[in-house]
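> This is the structure I want to talk about, given as structure tokens.
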Amino acid sequence: MPEKTLYRIEVAPVIILPLEKSPLFSYASPKEIPLGSLVKIPFGSREIEGIVYNQNILPGKQPVWMKQITRVEREAFLTENQRELALFISEEYFTPLGRVLKHFLPKRVQMREKAVPEAEHRPAPKGTKEELLLVKKFQLTKEDAIVSLDSFALSDATRFLFLLAKRNSRTQTLILVPEIPLLSGLADTASLFFDTKNIAVLHSKLSPGVSFDTWERIRSGEATVILATRLGLFAPFKKLGLVVLTEEQDEAYKQWDMSPRYNGKKVAEALSRISQTRFLLTSATPSTETYLGIQEKGIIPLIPPKEKPPLGTKLTLINLKLERYRKNYSPLSEQLVESIRNTLSQKKQILLYIHRQGLSAFSICESCKDIFRCPESGHALVDTPDGYYKCLGCAYKTPLFPSCPKCHGLSFRHIGFGTERIEKEVKKIFFNAKIVRADRSTMNKAGEAEKLYQNGMNGKIDILIGTQMVIKDPPLPNLGLIAMIDADSLLSWPDFRADERLFQHLYRFVGLLEKRAQGEVLIQTFHPESTFFERVITQPSKEVYEKILMERESLFYPPYSRLLSLTCQDKDEKSLQKTLDSFATTLEEIRKKESKLRFHILETPRYLKREKVFESSILIRIPNNTPFSTALKSFLKIANKTSIIDIDPLSFH
């Protein structure tokens, strides 16, 4: 009697495994299983999930050590492109494949059936002659081209994106945004071009049922336009035809607080490459990486770059030192208060931007001048309207009457401003105005972003106070005043990109009001005489970019290099120092063969009370667009056991 055919199935278990070991395990099956299938497999004493990556006929008998697949949960659950993208993220960001795959596996929860409204078949808006010519120009670029678009060069860049998507209707279009609040306005515009059933909105605040239903609509191809945060990168596209990254300069595309610590911009580029489709970057103020890419002709500008003139008189600098001299200790200068009053009298809306949430940046003890810090995380505590202090880095809260842990003093002085402090001050002066605060604490609940959008568009917001999540496309159609409360808090941030970010913010503020042909921009600072402000006020944008790039090149910082951060922790300080020294020795050996590699230990070990460990970091720089060498890869795989690896970190201290 002939033996039954057995199949060797290569499965990636959805668990965290050491990087230096193969992520695939062999199992036997009496029948073929489609690639990408979600299966249950025995793993040690447990039964876990896995994804099928490969299979072939098993010659001869089943080895004694080889176990059989328990069952198939769902056939072909991940597409070929999803599996390839997962491997890319795992290799690029030194993260176990099992951990990466969790991003591709939504909770499988059936959504309760809802009555689906009948689709309204209305004619889509027609593009202008200029827009249609640009659509044609875009379609003439190579299928794998990286293209950039200056979103302020068009009267309505959002409408242009949907004109592109309409031409791309036989395939799917993915439009990514950095923050959830931006999705509401995008979805509104999309509904003018497409039936509701063809639009999918995907982000982390959706319920598991809605999220899984959206996932399946993308898989089936019913959803042809997908509007998403970086979560959309992992969706099961049936036939992806275009990837758009809006606000490409935004740091919110980087996942920095958990593994895999991926850069959404790089992953989006990889997705477009794997899907063999064009990649469109849009921004009013492109990143230095994109600017350099255009100069070096690796990125195609859809509209020839136009030099933006100096900001000059388009913004007003307010000297906060003079305010203090006049005994005004409020975060609102006299000029700003007067401008708010005038703008409200004209029935126009106001945007107040502040870099931090909370009531203040930090507080110091009046007695010993020590910064009041969280005993668990070490972060500076911020005061709240209820009288207690909280940590923005963890869940720690103080009692209502806290004392200084160093000298037991009971009096604290608050330094700097936060969104809550600004809200408190504005409400005190303009108590009849409709004031809304938008930061991570107020936008944390599902539905809050949509509520903010609808209230703003319907005139139910007079003054919007927010962090950077609201400055990209504020829902204020009648915007007449933009004010940056504390420019110094951004410029003094310990990050080599600080000047670039402030430069982008200032040009965005001016651009937002120029598009509305009204209003003024006020910038409050203690240092109006600084070199930075002198530069942006007197020099055109090209010269500002060139100066930033010249400084970055001389320091070997991005976009001329790529950063890798290794954060090491240990309960024993001497043991940590030994690890750092060992890493430094290995890196020095690699540097002898790779002369352009640079590294240095960022700080002496510091103690983290919350984790009860000592911590320090090593920063590595390698030339940009250069693959990791075999030696560096081997080192990082070993280092991953005892340290946190962050490729393309947002900042370092």
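> Using a simple charge model, +1 on the beta-carbon of Lys and Arg, -1 on the beta-carbon of Asp and Glu, nothing else, what dipole does region 1-67 show about its Cα centre, in debye to the nearest 20? Don't skip to the answer; put the middle values down first.
Working: 8 positive and 6 negative charges, 37 e Å.
Around 180 debye, computed over region 1-67.
> Sticking with this structure for a sec: Please give the Cα centre distance for region 219-285 versus region 293-336, rounded to the nearest Å.
Distance between centres, Cα-based: 30 Å.
> Among residues other than Leu602 whose Cβ falls under 14 Å from its Cβ, what is the net charge (Lys/Arg +1, Asp/Glu -1)? Show your work: numbers first, answer last.
Details: positive: Arg598, Arg606, Arg621; negative: Asp495, Glu603, Glu615, Asp646.
Here the charged neighbours net out to -1.
> Determine the sum of side-chain charges near Trp215: Lys and Arg each +1, Asp and Glu each -1, restricted to other residues whose C-beta is under 13 angstrom from that of Trp215. Walk me through the intermediate numbers first.
Working: positive: Arg74, Lys107, Arg108, Arg217, Arg219, Lys238; negative: Asp213, Glu216, Glu222.
Net charge in that neighbourhood comes out at +3.
> Provide the per residue accessible area, probe 1.4 Å, for the chain, rounded to a whole number of square angstrom. Mind showing how you got there, number by number?
Numbers: 31510 Å² over 653 residues.
Per residue, the chain has an accessible area of 48 Å².
> Long-range amide H contacts for Ser363: which residues qualify at under 5 Å (H placed 1.01 Å from N, peptide plane, sequence gap of 5 or more or a different chain)?
Amide H to amide H, under 5 Å and 5 or more residues apart or across chains, Ser363 pairs with Phe372, Leu381, Ile415.
> Given Cα pairs under 8 Å that are at least 6 residues apart, what percent is the relative contact order of region 13-97?
Numbers: 121 pairs, mean separation 32.0, N = 85.
Over region 13-97, the number comes to 38 percent.
> Probe radius 1.4 Å, ligands and nucleic acids ignored: give me the carbon and sulfur share of the accessible area of region 234-307 as a rounded percent.
On the way: 1410 of 2840 Å².
Whole-percent figure for carbon plus sulfur exposure: 50.
> At a threshold of 8 angstrom on Cα-Cα distance, excluding pairs fewer than six apart, so keeping six or more, what relative contact order does the chain reach in percent?
After rounding, I find 12 percent.
> So what's the back-of-envelope 222 nm ellipticity for the chain, counting only DSSP H runs of four-plus at -39500 (n - 2.57) apiece and dividing by all residues, rounded to 500?
Numbers: 18 runs with 201 residues, N = 653.
Helices in the chain give a 222 nm mean residue ellipticity of -9500 deg cm²/dmol.
> With N set to the number of residues, divide the alpha-carbon radius of gyration of region 573-653 by 2.2 N^0.38 Å and report two decimals. Intermediate results must be reported in sequence, preceding the final value.
Values: Rg = 13.3 Å, N = 81, 2.2 N^0.38 = 11.7 Å.
Compared with the compact-globule rule of thumb, region 573-653 sits at 1.14.
> Treating the beta-carbon of each Lys and Arg as +1 and of each Asp and Glu as -1, no other charges, what is the dipole magnitude of the chain about its Cα centre, to the nearest 20 debye? Could the numbers behind the result be given before it?
Working: 95 positive and 77 negative charges, 193 e Å.
Dipole of the chain, to the nearest 20 debye: 920 debye.
> In degrees, nearest 10, range 0 to 90: what is the angle between the Cα axis of helix 334-345 and the longest Cα principal axis of the chain?
Orientation of helix 334-345: about 80 degrees from the principal axis.
> Next question. With +1 on each Lys and Arg Cβ and -1 on each Asp and Glu Cβ, and nothing else charged, work out how big the dipole of region 509-642 is about its Cα centre, in Debye to the nearest 20. Walk me through the intermediate numbers first.
Values: 23 positive and 18 negative charges, 136 e Å.
Approximately 660 debye in magnitude.
> First select every other residue whose beta carbon is under 14 angstrom from the beta carbon of Leu580; then total the charges, Lys and Arg +1, Asp and Glu -1.
Summing Lys/Arg as +1 and Asp/Glu as -1 gives -4.
> Take the alpha carbon atoms of region 425-441, find their center, do the same for region 513-574, and report the distance between the two centers in whole angstrom.
Between the Cα centres of region 425-441 and region 513-574 lies a distance of 30 Å.
> Further question on the same structure: Could you tell me which residue out of Ser90, Tyr291, Pro236 lies farthest along the dipole of the chain toward its positive end? Charges go on the beta carbon: Lys and Arg +1, Asp and Glu -1, centred on the Cα centre.
Pro236
> Ranked highest first by the average count of other Cβ atoms within 10 Å around their residues, in what order do 178-188, 551-561, 49-59 fall?
Values: 178-188: 21.1, 551-561: 15.5, 49-59: 17.6.
Peptide ranking by packing, descending: 178-188, 49-59, 551-561.
> Given the options Gln62, Phe43, Thr467, identify the residue whose Cα lies farthest towards the positive end of the charge dipole of the chain (+1 on Cβ of Lys, Arg; -1 on Cβ of Asp, Glu).
Going by the charge dipole, the pick is Gln62.
> Can you say what percent of the DSSP beta bridges in the chain, counting only those with both residues inside, are antiparallel? Round to 5. Walk me through the intermediate numbers first.
Numbers: 53 of 100 bridges.
Here the share of antiparallel DSSP bridges comes out near 55 percent.
> Roughly speaking, to the nearest percent, how much of region 558-653's 1.4 Å accessible area is carbon and sulfur? Display every interim value, and only then the final one.
Working: 2550 of 5180 Å².
It is 49 percent, rounded to a whole number.
> State the label only: which of (i) 43, 33, 26; (ii) 49, 35, 27; (iii) 57, 35, 23 corresponds to semi-axes √(5λ) of the Cα gyration tensor in Å computed from the shown model?
Calculated semi-axes √(5λ) of the Cα gyration tensor in Å: the matching label is (i).
> So how far, in whole Å, is the C-alpha centre of region 609-650 from the one of region 51-113?
27 Å
The values are calculated or read from the model by the stated rules, or taken from the named source; none is laboratory data. Computed from a predicted model, the values in this text were never measured in an experiment. Cβ coordinates were reconstructed from backbone atoms using ideal geometry, including for glycine residues, and neighbour counts include every protein chain displayed. The accessibility values were calculated without ligands, DNA or RNA, using every heavy atom of the protein model including side chains. Shrake-Rupley method; radii C 1.70, N 1.55, O 1.52, S 1.80 Å.
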